[in-house]
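For reference, the structure is listed below as structure tokens.
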Amino acid sequence: MSYISSIHIEISGVHRLHHIPAAKTELLRYMAAIGASKVYLEGYRGWDAGLGDYDQNEHRVSDEILMAVADDFRSRGILVAGEMAAGSWEKEIQPPAKAPKHIFDQVSCLNHLGTQQALIGVAEQLARHTDEILLDDWLSHRCYCDTCLQGIRKHLDSPIATDQQLRDLIDCQDPQILDAYQEHAWETVRHMSLLLRDAAKAINPGLQFHWKLPNWHRDYLFHGIDLLRLADVYDGFWIGTEIREEMDEYASLLIWNLVKSQVGEKLKGTWFDFLHGSWSFDIPMGTQRYLEQFRLSALTGCQEIVFCSYPILCDARYQEMEQAVRQNRPVAIQVNEKAQQLVGVPTRRFAAKRAMFMPDGYLCDTLGNYGVPILPIPKDQTPQAGELITQWSASHLSPKDFETDNIARDLIFTADAALTWVERGFSAWLGLDEALPINRGIIETQEFELPGSDKTIPTCDHAWSLAPMTVSPIFQPGNASVVLTAIEPQGQKHPVALEYQNGVNRIRILGLTRYRSMYRNGYPEQVRQLLRDWVGDIVGIKLFANNRQAALQKVILAPYKEQIVLINLNPHPVRFELWLDANKFPSKPQGLFEQTKCDRWQVYPLVLETYEMRQILLSPTTLNTK
């Protein structure tokens, strides 16, 4: 069974549907065009001081209007749910919270009694007229007012003299107070969640209570979104799959798998809007980027896709977006139905305490654009074939986690993960020089060299652009072998990728993952291919650019138990080779005809047309999961 499509209707849209008969015709036409069968009626939207004069009709809806609009949809066979932007604020209830400087401040203090009473009233109202409530992703903690500072102080190991000193430490995410701030944030969000859930279910015991999570997962813990300790409060979760201007397209897919590794089958649906920027809410994104949000949302295997939001969705300016969704809906339905049991390199990715300072967290969001399928897994799960170890998992794991069961694994360490293990005293286990395992200095390179090759590889894909690229840290091999060397302009060579066989475990270190922008635009294609090859040894799938030199960027590989999905995000066709391990894929996938053989690999040449999404079906016997 495929996903259902839903429409989110803002407060202004609810009023519009009630007062303007033509508005219903307008929305029903749009819903028919994209196959939507459900609506979310917004019951509360807080006030943004930057939007101008306060208008009650833009922020609240009466019982009479809410009931009339809901009943009209139900009479047409359309499902109706309620929605509320629970963390935004209302002018007449509570002024903006005192928020840390690096985030916007049009939010409410969830510890303020007036805020709690107002939001409970909205939850009770929605519970009277719907059987489902979805909280918007504004539900998060962003405050350090006087009341909140008292809550933070309860968790401090040592006292902070003044309130202003404490606020300054929060602003810079000082480690001294970070744990205390995040513990208080989680307590605040959980308490608010329970207040709203219990109030709504007291009126409607059978009501489903859901939360739509934001896509900015790197900051979850800082804002109180500790999913491992909140999953029990909610009946289900939705996740924002918006692709803002600062995000890689693949992150839209990764965020689904990341959250699913924490809340499991409670993750139900996706949600996205048409806005281009995180801070420019009046600028729409382009049609193609909007389409990618839709296609990647379908590729998650979700049960529901929510389109946000009416009335702006029906604006004549966005007809191209509607047409793109309508044209791509058939293939989206096909891939959605079989998007179960993702195959990828396992990685224990979770929100980090110091998210903004974890470079390889950003890298993981990017890797899928280079054909590296990432499979986030629960933190207590140890995969048998191997895994990609990031800074987070390197902080929580030790060599003992991979030695007790005598299972052969491929362990791929990012630069920050390897550095973490060196600092923890595990240099020898990684095959590094125990006396001098790393050079912390920053070097600049214009060329790389593969072992045994008499040719060097320039840093950039364009011969005219040989600007030096930063490399750091440099790992000094002990028993490890060097598989990639960086060369300084003066000719000095430094190892940047190493391999070491430690008992049954094969250790691989890629020291070029710290600088995401250079990994993306500066380092040569052979660097990205090295990581694809390492991952391919684990999952049994590799991608190669057709001539082995051209950059294979913005090509998403998403393999599942019953299908392989490939998406070309480029404005031009892409030629490449798909390599499948014959030991893991003994049968020929459907729709692939030409093939050659290279050792255990079956090689299939492919062409993806401009912006094409290709589904390759696997027969029941194709994938060998052993």
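Take T445 and tell me if it is touching a His at 6+ places or on another chain (Cβ under 9 Å) and in contact (Cβ under 8 Å) with a residue 12 or more places away in the chain. Spell out how you get there, then give the answer.
Numbers: touching a His at 6+ places or on another chain (Cβ under 9 Å): yes; in contact (Cβ under 8 Å) with a residue 12 or more places away in the chain: yes.
When the stated conditions are applied, T445 passes them.
Out of all the residues in the stretch 184-214, which are open to solvent by 50 Å² or more (accessible area, probe 1.4 Å) and either closer than 23 Å to H8 by Cα or modelled with pLDDT under 95 (or both)?
Result: R197, K201, G206, Q208.
Here's the yes/no breakdown for (1) under 30 Å from V61 (Cα atoms); (2) hydrophobic (A, V, I, L, M, F, W, C); (3) out of contact with any Lys or Arg (no Cβ under 6 Å at 6 or more places or on another chain); (4) not in a loop (DSSP other than H, G, I, E, B):
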| residue | (1), (2), (3), (4) |
| --- | --- |
| Q150 | no, no, yes, yes |
| H155 | no, no, yes, no |
| P159 | no, no, yes, no |
| R167 | no, no, yes, yes |
| V189 | yes, yes, yes, yes |
| L196 | yes, yes, yes, yes |
| A199 | yes, yes, yes, yes |
| P205 | yes, no, yes, no |
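May I ask you to list the residues in the stretch 488-540 that are in contact (Cβ under 8 Å) with a residue 40 or more places away in the chain, small (G, A, S) and open to solvent by 40 Å² or more (accessible area, probe 1.4 Å)?
The answer is G503, and nothing else.
Restricting attention to the stretch 377-395, which residues are farther than 18 Å from I541 by Cβ and either in contact with a Cys (Cβ under 6 Å, 6 or more places away or on another chain) or open to solvent by 10 Å² or more (accessible area, probe 1.4 Å) (or both)?
Those that are farther than 18 Å from I541 by Cβ and either in contact with a Cys (Cβ under 6 Å, 6 or more places away or on another chain) or open to solvent by 10 Å² or more (accessible area, probe 1.4 Å) (or both): P378, K379, D380, Q381, T382, Q391, W392, S395.
Would you check if there is a residue in the stretch 241-253 being out of contact with any Asp or Glu (no Cβ under 6 Å at 6 or more places or on another chain), surrounded by 19 or more Cβ atoms within 10 Å (Cβ to Cβ) and on the phi > 0 side of the Ramachandran plot?
So far as the stretch 241-253 goes, no, none of its residues is out of contact with any Asp or Glu (no Cβ under 6 Å at 6 or more places or on another chain), surrounded by 19 or more Cβ atoms within 10 Å (Cβ to Cβ) and on the phi > 0 side of the Ramachandran plot.
Report yes if R142 is assigned to a loop (DSSP other than H, G, I, E, B), among the basic types (K, R) and either open to solvent by less than 70 Å² (accessible area, probe 1.4 Å) or closer than 23 Å to D71 by Cβ (or both), otherwise no.
Yes.
Which members of the stretch 64-87 meet the condition of being in a helix (DSSP H, G or I), touching a strand residue (DSSP E or B) at 6+ places or on another chain (Cβ under 8 Å) and surrounded by 14 or more Cβ atoms within 10 Å (Cβ to Cβ)?
Residues of the stretch 64-87 in a helix (DSSP H, G or I): 64-75.
Subsequent filtering for residues that are touching a strand residue (DSSP E or B) at 6+ places or on another chain (Cβ under 8 Å) retains 66, 69-70, 73-74.
Within the stretch 64-87, L66, V69, A70, F73 qualify.
Here is a list of conditions, (1) of a type outside the set (G, A, S); (2) surrounded by 15 or more Cβ atoms within 10 Å (Cβ to Cβ); (3) within 30 Å of Q381 (Cβ to Cβ); (4) at pLDDT below 90, and Y318 meets all of them except one; can you say which number that is?
Here Y318 meets the rest and fails (3).
Which condition number does E562 fail, the rest of (1) at pLDDT 95 or above; (2) within 30 Å of I616 (Cβ to Cβ) being met?
(1)
If the requirement is being among the aliphatic types (A, V, I, L, M), surrounded by fewer than 19 Cβ atoms within 10 Å (Cβ to Cβ) and touching a residue at least 12 places away in the same chain (Cβ under 8 Å), which of these qualifies: L156, L126?
On the way: L126 fails: surrounded by fewer than 19 Cβ atoms within 10 Å (Cβ to Cβ).
Just one listed residue meets the conditions, L156.
Among the residues of the stretch 217-234, is any open to solvent by 10 Å² or more (accessible area, probe 1.4 Å), under 24 Å from L363 (Cβ atoms) and not in a helix (DSSP H, G or I)?
For the stretch 217-234, residues open to solvent by 10 Å² or more (accessible area, probe 1.4 Å), under 24 Å from L363 (Cβ atoms) and not in a helix (DSSP H, G or I): present.
Cβ-Cβ under 6 Å, sequence separation 6+ or interchain: first residue in the stretch 420-441 and open to solvent by 30 Å² or more (accessible area, probe 1.4 Å), partner assigned to a loop (DSSP other than H, G, I, E, B) and among the hydroxyl-bearing types (S, T, Y). Which pairs?
These pairs meet every condition: E434/S427.
I'm checking my understanding of the structure. Among residues of the stretch 240-256 that are under 9 Å from the mean Cα position of the chain (by Cα) and in a loop (DSSP other than H, G, I, E, B), which one is nearest to I377 (Cα to Cα)?
Ranking the candidates gives Y250 first.
If you check L578 against the conditions, is it under 21 Å from V335 (Cα atoms), open to solvent by less than 30 Å² (accessible area, probe 1.4 Å) and within 29 Å of the chain's Cα centre (by Cα)?
Details: under 21 Å from V335 (Cα atoms): yes; open to solvent by less than 30 Å² (accessible area, probe 1.4 Å): yes; within 29 Å of the chain's Cα centre (by Cα): yes.
In short, yes.
Out of curiosity, is L552 at pLDDT below 95, open to solvent by less than 10 Å² (accessible area, probe 1.4 Å), over 21 Å from K584 (Cβ atoms) and within 29 Å of the chain's Cα centre (by Cα)? Talk me through it step by step, then tell me what you get.
Values: at pLDDT below 95: yes; open to solvent by less than 10 Å² (accessible area, probe 1.4 Å): yes; over 21 Å from K584 (Cβ atoms): yes; within 29 Å of the chain's Cα centre (by Cα): yes.
The answer is yes for L552.
For E499, are the conditions met, namely being acidic (D, E) and either over 25 Å from K400 (Cα atoms) or in a loop (DSSP other than H, G, I, E, B) (or both)?
Working: acidic (D, E): yes; either over 25 Å from K400 (Cα atoms) or in a loop (DSSP other than H, G, I, E, B) (or both): no.
In short, no.
Given the options F413, F448, F426, name the one that is more than 24 Å from R532 (Cβ to Cβ) and either of a type outside the set (V, I, T) or not in a strand (DSSP E or B) (or both).
Details: F413 fails: more than 24 Å from R532 (Cβ to Cβ); F448 fails: more than 24 Å from R532 (Cβ to Cβ).
On inspection, the qualifying residue turns out to be F426.
The values are calculated or read from the model by the stated rules, or taken from the named source; none is laboratory data. Quick caveat: nothing in here was measured; it's all calculated off a predicted structure. Glycine gets a Cβ as well: all are built from the backbone with ideal geometry, and neighbour counts include every protein chain shown. For accessibility, only protein heavy atoms count, side chains too; no ligands or nucleic acids. Shrake-Rupley method; radii C 1.70, N 1.55, O 1.52, S 1.80 Å.
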